[in-house]
Amino acid sequence: MLNADLPEPRPSLTHPGLIARVVERLGQGAGSSADVWRKLTDAYAVDLDAVAALLPCAEPEPLWLTARAAQRRRG
């Protein structure tokens, strides 16, 4: 469990433009979006929904969507 009493409070990022800049900067040295999440949440207190809107979705597309696209190319 995380310790709620941090020795030094983290700065908070609330403006979407600032969050985007920090995510871009952290993404340059990160190997994956998980690294970006970790680095960001270790250094800042952020709105996780705002960050999730900026990062690419890691979930694969559903199979039916891929099949439908293939049918359109053939037909």
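The values are calculated or read from the model by the stated rules, or taken from the named source; none is laboratory data. Note that this is a predicted model, so its numbers are computed, not measured. FYI the Cβ positions are ideal-geometry reconstructions off the backbone, even for glycines, and counts take in every protein chain you see. The accessibility values were calculated without ligands, DNA or RNA, using every heavy atom of the protein model including side chains. Shrake-Rupley method; radii C 1.70, N 1.55, O 1.52, S 1.80 Å.
Annotations for the structure displayed:
Residues checked against (1) open to solvent by less than 70 Å² (accessible area, probe 1.4 Å); (2) modelled with pLDDT of 85 or more:
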| site | (1), (2) |
| --- | --- |
| P7 | no, no |
| S12 | no, yes |
| I19 | yes, yes |
| V22 | yes, yes |
| L26 | yes, yes |
| S32 | yes, no |
| W37 | no, no |
| L40 | yes, yes |
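- Test: residue in segment 52-61 that is at pLDDT 85 or above, more than 12 Å from the chain's Cα centre (by Cα) and exposed (fewer than 10 other Cβ atoms within 10 Å of the Cβ): no
- Of residues in segment 25-41 being closer than 13 Å to L13 by Cβ and of a type in the set (D, E, K, R), the one farthest from the chain's Cα centre (by Cα): R25
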